[in-house]
Amino acid sequence: MWPFRKGASGFSSSSTAEEVTQGIDGTGLTAIVTGASSGIGAETTRVLALRGVHVIMAVRNVSAGRDVKEAILKEIPSAKVDVMELDLSSFPSVRKFASDFNSCGLPLNILVNNAGVATGAFKLSKDNMELQFATNHLGHFLLTNLLLDTMKKTASESGKEGRIVNVSSAGHRFTYREGIRFEKINDPSGYGKLGAAGYGQSKLANILHANELARRLKEEAVNITANSLHPGAIATNLFRYNAIVNGNTTFPNQNIQENLGAATTCYVALNPQVKGVSGEYFVDSNVSKASSQGRDMDLAKKLWDFSLNLTT
């Protein structure tokens, strides 16, 4: 989409997170945002809090998360923001986070699966899974499943639609020929230059996860939607493992870039135009079209079963 060409939503790639949520009152809603200590996650947290949403920042680096919280409170004294530790590359950490949240008695209206890593070299997670697939997909898959009952309860008792938002990437198009290497998840051969195929695989998994989850929620007639999206392209800590881009480039107007980068996430999470929309892929705050593999429901079902087996 051209920067100033608005789509059906009335927004474009030049629309900011504040613009796509302008006039929306999120008071009474509770959201969890993963990877909220920097970049798009931090900006998503700030804008949701600006609209009155109580945001739980699920972060690997608690100290950095608290710094972001303090900055938000300084700008928005009325903001409701809390910080909880979550390492998506560790199944025990995911389970502990979900258990702690589910037992705290808070409702859950919005889950933004935002956190991600892009590695330049093949690495394994704490559970001995390829790091990008483990962090970007499996951790979020497990987290979503563990929080789903709380979301269903919230949707039922409040009468308000729940929303699950998977932050994917246009990079999902640059994956392996078979899409997901079910038989070679931990095989470093063919990992690709800078791990691009491995990253693309994990981002394809984000879309397929949202699509299969949307299908299941519709089948259950549950008032919760699940969608995926490509965020605005900005420089973030996503590439902290990649020495080529990590720390070697400075980007001007970073706050503005982050606000642009968080726009589609905030739109899908909060804008009333998305009410009832599920199983879609968004770009520039408009419904778009994922790759053919991203629309393959048989592949989505196979990934669901595969992921369930790995996380239980």
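No value in this document is a laboratory result; all are computed from the given coordinates. Note that this is a predicted model, so its numbers are computed, not measured. So basically every Cβ, Gly included, is an ideal-geometry build from the backbone, and we count neighbours across all protein chains shown.
Would you kindly derive the ³J(HN,Hα) couplings of region 128-139 from the backbone phi angles with the Karplus curve 6.51 cos²θ - 1.76 cosθ + 1.60 (θ = phi - 60°), listing them in order in whole Hz, with x for Gly and Pro?
So the Karplus estimates, Gly and Pro as x, are 6, 10, 3, 4, 5, 5, 5, 6, 6, 10, 4, x Hz.
What does a probe at residue 14 reach in region 260-291, counting residues whose amide N is under 20 Å from the point 7 Å along Cα→Cβ?
Only 260-265, 267, 283-287 fall inside the zone, counting backbone N under 20 Å.
What FRET efficiency would be calculated for the residue pair residue 157, residue 312, taking the C-beta separation as r and a Förster radius of 30 Å, to the nearest 0.05? The partial results should precede the final answer.
Values: r = 28 Å, r/R0 = 0.92.
The pair residue 157/residue 312 has a calculated efficiency of 0.60.
If I model a spin label at residue 295 and residue 185 as a point 7 Å from the Cα along the Cα→Cβ vector, what separation in nanometres do I get?
Each label point is offset 7 Å from its Cα along the Cβ direction, giving 2.8 nm.
With only Lys, Arg, Asp and Glu charged, each at its Cβ (+1 for the first two, -1 for the last two), find how big the charge dipole of region 15-104 is about the Cα centre; round to the nearest 20 debye. Present the calculation step by step, with values, prior to reporting the outcome.
On the way: 9 positive and 11 negative charges, 46 e Å.
It works out to roughly 220 debye.
Which of rounded, prolate, oblate describes region 58-129, given a ≥ b ≥ c as roots of the alpha-carbon gyration tensor eigenvalues and a/c under 1.5 marking rounded, otherwise prolate only if a/b is larger than b/c? Provide the component values of the computation, followed by the final result.
Values: a/c = 2.52, a/b = 1.47, b/c = 1.72.
Oblate, because a/c is 1.5 or more while a/b does not exceed b/c.
Among [x] 19.1; [y] 23.7; [z] 14.9, which one is mean projected area of the Cα convex hull in nm² computed from these coordinates?
Recomputing mean projected area of the Cα convex hull in nm² here picks out [z].
Let me check I've understood the local charge: for residue 17, count other residues with C-beta under 9 angstrom from its C-beta, Lys and Arg +1, Asp and Glu -1. What total comes out?
Details: positive: 46; negative: 18, 19, 43, 258.
Taking every Cβ under 9 Å from that of residue 17, the sum is -3.
So if we plug the beta-carbon distance of residue 288 and residue 99 into 1/(1 + (r/R0)^6) with R0 = 51 Å, what FRET efficiency do we get, rounded to 0.05?
Working: r = 36 Å, r/R0 = 0.70.
Once the sixth-power term is evaluated, E becomes 0.90.
How big is the dipole moment of region 26-311 about its Cα centre under a simple scheme where the beta carbon of each Lys and Arg is +1, that of each Asp and Glu is -1, and everything else is neutral? Debye, nearest 20, please. It would help to have the intermediate numbers written out before the result.
Numbers: 30 positive and 25 negative charges, 36 e Å.
That gives region 26-311 a dipole magnitude of about 180 debye.
Arrange 185, 224, 72, 164 by Cβ neighbour counts within 10 Å, fewest through most, would you?
On the way: 185 16, 224 24, 72 21, 164 27.
Ranking 185, 224, 72, 164 by Cβ neighbours within 10 Å, fewest first, gives 185, 72, 224, 164.
What number, rounded to the nearest 500 deg cm²/dmol, is the helix-based mean residue ellipticity at 222 nm of the chain, given -39500 (n - 2.57) per DSSP H run of at least four residues and division by all its residues?
Details: 9 runs with 119 residues, N = 312.
-12000 deg cm²/dmol, from helical runs alone.
What ranking of 209, 54, 137 emerges when the number of other C-beta atoms within 10 Å of each C-beta is taken as an exposure proxy, fewest first?
The order, fewest Cβ neighbours first, is 54, 209, 137.
As a test, work out the antiparallel percent of DSSP beta bridges whose residues both lie in the chain, rounded to the nearest 5. Can you show the working numbers first?
Values: 5 of 31 bridges.
Beta bridges within the chain, antiparallel portion: roughly 15 percent.
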